[in-house]
Amino acid sequence: MPHRGDAAEVTPTTSPVTIAARRDPAGVERVLRSLPQWFGIEEAIQQYIRDAADLAYESLTAWSGDRCVGVALIRRHYPETGELHLLAVHAAYRRTGVGQRLVRRAASDLISTGAQLFSVHTVGPSYQDTGYAQTRDFYASMGFVPLEEHQGLDWTGPTLILVKPLR
Ligand SMILES: CC(C)(COP(=O)(O)OP(=O)(O)OC[C@H]1O[C@@H](n2cnc3c(N)ncnc32)[C@H](O)[C@@H]1OP(=O)(O)O)[C@@H](O)C(=O)NCCC(=O)NCCS
């Protein structure tokens, strides 16, 4: 949710980015700290770092050489559905197709284990924020459709729940 923080320095390399079912809490921390407009509250960052190590979440990470440059954490609340609990691409790698590849891989993994619906929470459109407007554009481009907006669900402002049918 919208906050301020410090950006970490990473220079993009020409290494091809690969996606792996692998955990890297330290790498996730570096990715989140590069995105202070989205991840700026220290307690929230610490919780996501713990979540990245928590086996309750499936972890997909994007790698440029030995550096983690993106993460997707997926929670299976029910066999029929999957929730995208965390999605983030290092600031230096945004808009290079990494987020799209993480979501496609997550959707493919969910389909292969029988899920029918993929969901995600983000900041709702009734809160004016250019960063989260981009986030919603990304989800729309990935086939997520808005389902409901609620005040005070994940933070004090509006949370938008989006869903993507998997078949
Ligand atoms: C949202 C995020 C995960 C998307 O990952 P990404 O690697 O930057 O996005 P991709 O390059 O895979 O984009 C795929 C498509 O999504 C759409 N898209 C992505 N970023 C966009 C933006 N800023 N504005 C408009 N459309 C966008 C485009 O259609 C894009 O395809 P194109 O580049 O061929 O036009 C990433 O930018 C990010 O980490 N943002 C900050 C944190 C965040 O919003 N996390 C989700 C919180 S709920």
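Computed quantities for the displayed model
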read-out	value
Residue satisfying condition, being among the β-branched types (Val, Ile, Thr), within 11 Å of the ligand (Cβ to nearest atom) and under 14 Å from the mean Cα position of the chain (by Cα), within set Thr135, Thr130, Thr159	Thr135
Flag if Arg101 is of a type outside the set (Phe, Trp, Tyr) and part of a loop (DSSP other than H, G, I, E, B)	no
Odd one out for Arg95, checked against (1) of a type outside the set (Phe, Trp, Tyr); (2) part of a loop (DSSP other than H, G, I, E, B); (3) more than 8 Å from the ligand (Cβ to nearest atom)	(3)
Residue ranges of strands (runs of 3 or more DSSP E) in segment 1-82 with at least 3 members surrounded by 18 or more Cβ atoms within 10 Å (Cβ to Cβ) and modelled with pLDDT of 95 or more	57-64, 67-78
Residue within segment 106-129 that is within 25 Å of Ser34 (Cα to Cα), in a helix (DSSP H, G or I) and in contact (Cβ under 8 Å) with a residue 60 or more places away in the chain present	no
Near pairs, Cβ below 9 angstrom, 6+ apart or cross-chain, from segment 61-72 (among the hydroxyl-bearing types (Ser, Thr, Tyr)) to any residue that is away from the ligand (no atom under 12 Å from the Cβ) and open to solvent by less than 10 Å² (accessible area, probe 1.4 Å)	Thr61/Gly27; Thr61/Ala52; Thr61/Cys68
Number of positions in segment 107-121 that are away from the ligand (no atom under 13 Å from the Cβ) and open to solvent by 60 Å² or more (accessible area, probe 1.4 Å)	6
Qualifying residue in segment 151-167 (condition: at pLDDT 95 or above, open to solvent by 50 Å² or more (accessible area, probe 1.4 Å) and closer than 18 Å to Val89 by Cα)	no
Which numbered condition Ala140 fails, given (1) more than 22 Å from Gly27 (Cα to Cα); (2) more than 9 Å from the ligand (Cβ to nearest atom)	(2)
Flag if Arg104 is open to solvent by less than 60 Å² (accessible area, probe 1.4 Å), under 22 Å from Leu160 (Cα atoms) and basic (Lys, Arg)	no
Every residue from segment 73-88 that is touching a residue at least 24 places away in the same chain (Cβ under 8 Å), of a type outside the set (D, E, K, R) and over 9 Å from Tyr57 (Cβ atoms)	Pro79, Thr81, Gly82, Leu84, Leu87, Ala88
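The values are calculated or read from the model by the stated rules, or taken from the named source; none is laboratory data. Model, not experiment: these values are computed from the prediction. Heads up, the Cβs are rebuilt from the backbone with ideal geometry, glycines too, and the neighbour counts pull from every protein chain shown. Note: accessible area is taken over every heavy atom of the protein model, side chains too, but ligands, DNA and RNA are not part of it. Shrake-Rupley method; radii C 1.70, N 1.55, O 1.52, S 1.80 Å.
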